[in-house]
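The values are calculated or read from the model by the stated rules, or taken from the named source; none is laboratory data. Treat the numbers as computed from the prediction; the structure is a model and nothing was measured. Using ideal geometry, Cβ is built from the backbone for each residue, glycine included, and neighbour counts are taken over all protein chains shown. The protein model used for the area step is the full one, side chains on, heavy atoms only, and it has no ligands, DNA or RNA in it. Shrake-Rupley method; radii C 1.70, N 1.55, O 1.52, S 1.80 Å.
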Amino acid sequence: MGLPGPGLLVEDHGARRVRRPVDLLRCVASSVGVALLVAVGLLARATATGVETDVVGASLRLPGAVLGLLGFAAALALLLLAIALAIRQLVRRQPRRLAEAVLTGVFTGIVMLVADIALRTSTGAQLYDAIAMARPGASQITPLDGELAGLVAYATIIELSGRPRWRNGLWLAFGVYAIASLADLHATVLSLLITLLLGRVIGLAVRYAAGSMSQRPAAAAIAAALGSAGQPVTEMRRIPETGDESRRYAAPVAGGGRLDVSVFDRDQQAAGALYRLYRFLRLRDQVSRRAPLSTDRAAERRAFMAYTVASCGVATPRLRALVRVGPEAVALAMEHHGGTTLAERAGTLTDAELGRVWDAVLRLHAHRVTHRALTADRILVAGDGQVVLLDPDGGDVAASDLQLRLDLCQLLAETATLVGPDRAAGLALRKVGASELVTLVPLLQPVALYRSTRTSLRHHRDILPELRKRLLAAAPTDGAVAPAVQLERIRLRTLVTLVATIVAGYVVIGQFARVDLARTLRAADVRWMVVALGLSALTYLGAALSLSGFVLNRLNFGRTVLAQLAGSFVTLVTPAAVGGAALNIRYLQRSKVAPAVAAASVGLSQVVAFVLHLMLLVVFVAITGARTHALRPPTWAYFVIAGLVVVVLAVTAVPAGRRLLRARLAPALGQVLPRLVELIQQPRKLAEGIGGALLLTTCYILCLATCVKAFGGSIPLTSAAVVYLTGSALGSLVPTPGGLGAVEAALSAGLTATGLPGATAVSAVLLFRVLTFWLPVPVGWGAFSYLQRKRAL
């Protein structure tokens, strides 16, 4: 490596300690490992016990004297290794890191001791049994070995990466220690693995929070490496941080010119990896932007894309040097282009300049290459008017049609944030054409855009709707909407629903685990069961009347009933009142009802049903309270209500909260109120809709009361009404299919509060849910399939 010139001017601000993103990534991965091991202990106990038996059985084949010697040797080896590591740190003159390692090890041991005591209490008994495998001798087992975890945390702080001999010696000692602990019945496989990972988690968390000693090469060393590659620089000025993946320097070259130097350090390895992993899991492959985790791959990717973009005839900074600086850093020098970015000229951009930006991007797309980060700070307008695309390393080569359209969406949305949606859309229509741009409408979603663009759009929520409106208005197909494109693998709402369903299912299984379904149904009075089944069937007639009453068009009543039955199948996989509403809108559209009218009609039916629900609840609570105080709300309920009132008042008192409420409620009210005005002029249809909603609720109340009768119980009808109305309201709030879990718990608790024995209440609720939720599912599937064949859905 060459030496920097004697007149080298350096302006740098290196930090002695840095937080490395890879430490955070490893900490999260180790935490996930702990969670998985705990789940294995709780949910797959038989498998874990089998593995434990095999391992312990194999270790017990060794003679006892050998096992004792191994245990002593392993403990001694671990102690000697800890001392040797301490001496090594002192020799390397790193007493601060040694002190941090010792304190972290002691802290970890204390944490493990406290956790071990907590596991032996009644609260943690289930987890203790899972870790200890509930086998003979389990009382001798220490679930979490504080000394072992402390040593792992100690070694993690010192960091043995790149030193295989030390690392291999430590793992060998751990392995022997584990075998001896398993044979002496002082630990289990799960307890050892959890202990090792917990020590790793604490060590990595402390190392990331406190920072590690920086191994970054100095600016002078970078200048020397560039000089050895034929690029002698006279200055190295640090540019303020623009990201976590690389450091940047402005480096004037001897003889004129300037280089933009990016340095990829090991300290920045895996920068932004957690966010990219989140995007990868959430979005489809062609939508998420991947980036290499290693420094070498990141630098090579940037160099490759620079060559690729230049070969397409598009201006981009030319690569002048790619050199290694020391063993763990790579410097990449690009030719500097003078000019201003679009971000710096947001208010003075002309249509000619923006047109040249579109020309450059379309020329790139003609070679099936994308940029994927067309933000205002990455598009430069040079002094001669030439457009230069900066940082193309996140782009795609041999891009698909979807990736090309996503690139256009990014450019369209970004320019709209700079010059407004009308001007941006008009320019795009001139450059690309309406027939091509109309295919972008389904892709104009925030999730498909670059991070900084999404942040800008949060402050200008009207931009994307206005862009869609302009593009559709100019479409040559009379405003026909292109088919929707699913960009996400899984939506956040779907994930929440899935997690809530699993938790609710676990609750329901635990609640009814002691109830034998077959025996429960045999114990019920068949006559009352038939009556309850008939009332359950009548609810679908009420739902059909409620829907058709709020639609002025004439609907086929038979198919409308079948659509409500099909809704019972859809609600098995969607939250209550969400899947059914979507299915009804689809059914109305297929019945030749305009999309806007269909959405307004279904929304009005839900609003009316909600208002009637609240009114009936208030009326029946008043009647029940006048007769008996059995269903008086507990004291905590008043605090909950008071808390909700405070939250509502706090939201409405803040301007941002009022804007959010207006944004959420205005579209719904804008659809529902005009529809209500139309229906008021049709009293017969309004009576049909309200009557259907009342019939629906009444049949459910009577069905619950009948299920209680089927098991020999008896409660006042008003009490049954309060119990059902409360339980169904809770079910609508919980994001699980059909309110699974919340409805069962609320109905059982409500019936018990009326004075019913607990066994009778649980049995009645079980029968009620079987008749109203589970039994209609196969019938609903048949109705769903039939309506699909008839093209009614």
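May I ask you to verify whether residue 610 is part of a helix (DSSP H, G or I) and within 31 Å of the chain's Cα centre (by Cα)?
For residue 610, the condition - part of a helix (DSSP H, G or I) and within 31 Å of the chain's Cα centre (by Cα) - is met.
Assuming residue 320 fulfils every condition listed in (1) of a type in the set (Lys, Arg); (2) outside any loop (DSSP other than H, G, I, E, B); (3) within 20 Å of residue 395 (Cα to Cα) apart from one, which condition is it?
Among (1) of a type in the set (Lys, Arg); (2) outside any loop (DSSP other than H, G, I, E, B); (3) within 20 Å of residue 395 (Cα to Cα), residue 320 violates only (3).
For the stretch 510-595, please list each of the helices (runs of 4 or more DSSP H) lying entirely inside it that holds at least 1 residues being modelled with pLDDT under 80, open to solvent by less than 30 Å² (accessible area, probe 1.4 Å) and within 21 Å of residue 729 (Cβ to Cβ).
Here the list reads 557-570, 579-590.
Here is a list of conditions, (1) open to solvent by 20 Å² or more (accessible area, probe 1.4 Å); (2) in contact with a Phe, Trp or Tyr (Cβ under 7 Å, 6 or more places away or on another chain); (3) farther than 18 Å from residue 719 by Cα, and residue 760 meets all of them except one; can you say which number that is?
(3)
Sort out which residues of the stretch 189-230 are open to solvent by 50 Å² or more (accessible area, probe 1.4 Å), among the basic types (Lys, Arg) and at pLDDT 85 or above, and write them in order of number.
Scanning the stretch 189-230 gives a single hit, 200.
For residues in the stretch 778-789 being open to solvent by 20 Å² or more (accessible area, probe 1.4 Å) and not hydroxyl-bearing (Ser, Thr, Tyr), which is farthest from the chain's Cα centre (by Cα)?
Only one residue fits best here, namely 789.
Under the condition of being open to solvent by 50 Å² or more (accessible area, probe 1.4 Å) and at pLDDT 90 or above, which residue from the stretch 429-449 is farthest from residue 377 (Cα to Cα)?
Top of the filtered list is 430.
Determine whether residue 305 is surrounded by 16 or more Cβ atoms within 10 Å (Cβ to Cβ), at pLDDT 85 or above and in contact with a strand residue (DSSP E or B) (Cβ under 6 Å, 6 or more places away or on another chain).
Considered against the rule, which asks whether it is surrounded by 16 or more Cβ atoms within 10 Å (Cβ to Cβ), at pLDDT 85 or above and in contact with a strand residue (DSSP E or B) (Cβ under 6 Å, 6 or more places away or on another chain), residue 305 comes out as no.
Could you check how many residues of the stretch 96-135 are closer than 30 Å to residue 16 by Cα and open to solvent by less than 80 Å² (accessible area, probe 1.4 Å)?
Residues meeting the conditions: 11.
Could you tell me whether the stretch 365-375 includes any residue that is in contact with a Phe, Trp or Tyr (Cβ under 6 Å, 6 or more places away or on another chain) and either open to solvent by 30 Å² or more (accessible area, probe 1.4 Å) or under 30 Å from residue 217 (Cα atoms) (or both)?
Yes; the residues of the stretch 365-375 include at least one that is in contact with a Phe, Trp or Tyr (Cβ under 6 Å, 6 or more places away or on another chain) and either open to solvent by 30 Å² or more (accessible area, probe 1.4 Å) or under 30 Å from residue 217 (Cα atoms) (or both).
Being within 13 Å of residue 316 (Cβ to Cβ) and either of a type in the set (Ser, Thr, Tyr) or open to solvent by 10 Å² or more (accessible area, probe 1.4 Å) (or both) narrows it down to one residue among 401, 393; which is it?
393
Run down 135, 61 and say which single residue is of a type in the set (Lys, Arg), within 24 Å of residue 34 (Cβ to Cβ) and modelled with pLDDT under 80.
135 is the lone residue from the list that is of a type in the set (Lys, Arg), within 24 Å of residue 34 (Cβ to Cβ) and modelled with pLDDT under 80.
If a residue must be touching a Pro at 6+ places or on another chain (Cβ under 9 Å) and within 24 Å of residue 356 (Cβ to Cβ), how many such residues does the stretch 445-463 contain?
Qualifying residue count for the region: 2.
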